[in-house]
Amino acid sequence: MTLLFVLVTETQNIAYYTMNIYKSVTHYNNHKKGFSSERCILAAIIILLFLTSPFMSRYVSARPGDEVRDEDRFASLREQMVQQQIKARGINDPATIEAMRNVPRHRFVPTARQRQAYNDGPMPIGHGQTISQPYIVAYMTQLINPEPGMKVLEIGTGSGYQAAVLAEITDEVYTIEIIEELGKWGEGNLRDAGYDNVRVKLADGYYGWEEHAPFDAIVVTAAADHIPPPLVEQLKDGGSMIIPVGSAFRTQNLMLVEKQGDETVTRSLIPVRFVPFTRAEDQ
Ligand code: SAH
């Protein structure tokens, strides 16, 4: 309503100024017949007036304080997300809930989609990839029993959001992305949001990150057709890996792999839909 009122008032102001200018120009013209550029001058004045009017500066350029208001709005959307999508659906690990509450998800989505960042679903992030639904991120995080002091590997950096959630709780996060542009974007998002305990590598995550292995936990965010043996090898004894398994067009299942000595116990949890785990040779 307020916006409508201001719009009407500003339009009236502009119309008033324009009329006055028009009157003076036509008055001038009456005295000097044949003045041909009258219309051009009038048009230029109208355009100039419009561009420099308070209306334009008020709504086109951001003013100090706008960002603070946006951050407040996002914080309240985030709290709603935590209550309705995370807690109400049974996520009960306090560290996971707190991480979901703290990570500014809107800073991990394309700018044009910020307003939908807290919606209950996945969202495209370009290159045919998606940032997972908030509930799935929380579900996968809770399953690895995240704690301070842990070192975690993620496969599929994408936006960097899942890595940020892990970085809120654990000490060190290593994340690998196969698409160069996404890796760089995700790394930038993480840096801009202040997550300096995350390291990003551009590579085929199938082979893990030997140099920093073994890991307390591994989170894979793309659906593979089998569990990559190098990842199982890079798990600590007692560590766990969460990975969607299945093809892009058939049902995929979220699997929990637990390493106990020489044995690995694999359980199928829920049906899911993830983007495919691609291999370097597919690129
Ligand atoms: N965790 C991301 C989800 C991104 S979608 C987020 O929170 O936004 C899955 C990502 O896995 C995509 O960016 C895709 O490019 C990446 N990916 C697929 N196969 C991969 C592989 N073999 N190695 C590393 N990343 C891979």
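What follows is calculated from the coordinates using simple rules that are stated; it is not laboratory data. All values reported here derive from a predicted model rather than from experimental measurement. Backbone-built Cβ (ideal geometry, glycine too); neighbour counts: all protein chains shown.
The table below gives the values:
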item	result
Derived scalar couplings ³J(HN,Hα) [the stretch 117-129; Karplus, 6.51 cos²θ - 1.76 cosθ + 1.60; whole Hz; x for Gly, Pro]	4, 9, 5, 7, x, x, 8, x, 10, x, 6, x, 9
DSSP-assigned coil residues among chymotrypsin sites (Phe, Trp or Tyr not before Pro) in the stretch 209-275, each with at most 13 further Cβ atoms within 10 Å	PHE249
Spin-label pair LYS236/ALA88, simplified geometry with 7 Å Cα→Cβ offset, distance in nm	3.7
Descending Cα extents along the principal axes, the stretch 66-136, whole Å	32, 32, 17
